[in-house]
Amino acid sequence: MGATETVGGGQAGRLAWRLAEVIEIRDETPRVRTLRIGVPGWRGHKAGQHVDVRLTAEDGYQAQRSYSIASAPESPWIELAIERLDDGEVSPYLAGEVRPGDTLELRGPIGGYFTWTVDDGGPLLLVAGGSGVAPLMAMVRHREAAKRAIPTTVLFSSRSAGEIIFRDELDRLAAVDPSLRTVHTLTRNQPEGWTGFRRRIDAAMLAEVAGPPHPGEGLLAFVCGPTRLVENVATDLLALGHRADRVKTERFGPTGT
Amino acid sequence: MGQGFVSRGFRGRRRPDAEVADRIPPGQYLTRDFPVLSAGPTPRTALDRWDFVVRGDVEAPRRWTWDEFRALPSETVTKDIHCVTKWSKIDTVWEGVSVDTLLDGLETSADYLIAHCDGGYTTNLPLEDVTGGKAWVVFGYDGDALEPEHGGPARLLVPHLYFWKSAKWVRGLELVGEDSPGFWESLGYNNYGDPWLEQRYAGD
Ligand SMILES: Cc1cc2nc3c(=O)[nH]c(=O)nc-3n(C[C@H](O)[C@H](O)[C@H](O)COP(=O)(O)OP(=O)(O)OC[C@H]3O[C@@H](n4cnc5c(N)ncnc54)[C@H](O)[C@@H]3O)c2cc1C
């Protein structure tokens, strides 16, 4: 964390707004969409960083919001996973109106603290609530692309089975990689035969999933999602004996699960 | 870049009302919630172990226990606040001690200060931005004690700069001769953070 590390990933000067093209759109769940975006002149990012997206209306009115990059730094494009809040301003546009071929204005990558590279090591505990999985998915994908078997547990809270973002990809990766484990909890509805957890993440669940504090530096935890979930998980991890400087948090805001 | 650019089909639904429009800095939107931004777990310091210190380039450091601090003259101020994550909140009501009161009568040649917080956070500010009725150490929000997740028991309030400068869980001010970046400022955020100039990130 040196003074030389800038949001732009090293280059000095203003982080410029760029015009970028939506290449492809995938529906992840009924409310979450992935936008694959090609950004001319993009210099890469670190897993965990975000971009600012700026929308401009005909009359010049503008709205900006932050979105985490969900794709691996190794990808030639970036992907954002956007949850549509029906009464929101920007997310219904990005996860509804936008079509492939549209142009978006964005700048980034931003953020130098909630980031991870394989050189930071592990063991990793990634705790996500809803769309908070986006920056953690970038870490999972980066780890996979770099082919480093760093012990990693993903603890993922979703409302219902149909709302688990990236479920197939997470399950597929975990099936072939013994050092990656995915644990789901469903807080509202559980399908018949569901064997995972059925409640909000709490201290007992964290103790069961993460185990006792590791010796040495201990595990490295990244927690992302709605404010309430992040607050509770971070507080519980400390109470369980994990080190405060190894628990990194990102809060998406008051909404979500 | 982006000159004349229009996002196809975007109309927007958070245009501020005319009477508050000139209180919302560029790129910000008005929120009714009070969102939370911090890098890690919320520290919780017991009040009987809490103290507040002014140190650094001063003849004699000053220190207050919680009770002593609360016995200082305090004021209630109503301010607009602007978070770098894009939300602004208007007419927020705070209770606390003016930084002028904490530095009253102090002789120093310092031009800057570093706010030190529980959890190891720091933020840097020019001294002239926290004196002259511009900054407070607040312990009350909206008529109640300041909650831990919003920085309680006490946080800095420097409302004319982006809100990360209003460091949560503040425990002391170190007066220094030379500016050096704090926590977020070392991680790519702007060194000064004027919302009206949209100084979000380094280089803005
Ligand atoms: C660092 C960071 C990374 C993020 N990454 C992601 C990501 O990867 N994916 C993702 O989906 N989100 C992400 N977010 C959240 C994202 O930035 C937006 O906050 C989110 O998309 C909601 O924006 P919106 O414009 O749709 O809703 P807003 O218009 O901002 O409204 C949000 C909610 O607040 C309420 N609200 C606020 N103001 C008003 C008002 N004046 N009137 C009525 N209702 C109001 C609404 O009910 C609404 O549900 C991230 C946030 C941060 C800070």
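The values are calculated or read from the model by the stated rules, or taken from the named source; none is laboratory data. All of these numbers come straight from a predicted model, not from anything done at the bench. A quick note on method: Cβ atoms are made from the backbone with ideal geometry, for glycine too, and the neighbour counts reach across all protein chains shown. Please note that ligands, DNA and RNA were not included when accessible areas were found on the heavy atoms of the full protein model with its side chains. Shrake-Rupley method; radii C 1.70, N 1.55, O 1.52, S 1.80 Å.
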Notebook entry, point to check: Identify, please: which residue in region B:8-57 is of a type in the set (Gly, Ala, Ser) and without any contact (Cβ under 8 Å) to a residue 60 or more places away in the chain and is, among those, surrounded by the most Cβ atoms within 10 Å (Cβ to Cβ)?
Noted result: B:Gly12
Margin query: Testing B:Glu178 on (1) within 12 Å of another protein chain (Cβ to nearest Cβ); (2) open to solvent by 20 Å² or more (accessible area, probe 1.4 Å), one condition comes back false. Which one is that?
Written below: (1)
Check: Which ones in region A:110-142 are open to solvent by less than 10 Å² (accessible area, probe 1.4 Å) and free of Cβ contacts under 8 Å to residues at least 60 places away in the same chain?
Finding: A:Val140
Check: Which numbered condition trips up B:Cys83, out of (1) surrounded by fewer than 18 Cβ atoms within 10 Å (Cβ to Cβ); (2) within 14 Å of chain A (Cβ to nearest Cβ); (3) not basic (Lys, Arg)?
Finding: (1)
Item checked: All positions within region A:197-210 that are open to solvent by 30 Å² or more (accessible area, probe 1.4 Å) and under 20 Å from A:Gly225 (Cα atoms) -> A:Phe197, A:Arg198, A:Arg199, A:Arg200, A:Asp202, A:Ala203, A:Ala204, A:Ala207
Notebook entry, point to check: When you go through B:Leu30, B:Leu37, B:Leu47 one by one, which is the residue that is within 22 Å of the chain's Cα centre (by Cα) and facing chain A (nearest Cβ under 7 Å)?
Noted result: B:Leu37
Note to self: If I filter region A:231-257 down to residues being within 16 Å of the ligand (Cβ to nearest atom) and more than 25 Å from A:Ser179 (Cα to Cα), which single residue comes out as surrounded by the fewest Cβ atoms within 10 Å (Cβ to Cβ)?
What the structure shows: A:Pro254
Check: Does A:Ser66 fit the bill of being closer than 15 Å to A:Gly253 by Cβ, more than 8 Å from every other protein chain (Cβ to nearest Cβ) and among the polar types (S, T, N, Q)?
Finding: no
Check: Taking into account only those residues within region A:84-98 that are in contact with a Lys or Arg (Cβ under 7 Å, 6 or more places away or on another chain) and crowded, with 23+ Cβ neighbours inside 10 Å, which is farthest from B:Val6 (Cα to Cα)?
Finding: A:Ala95
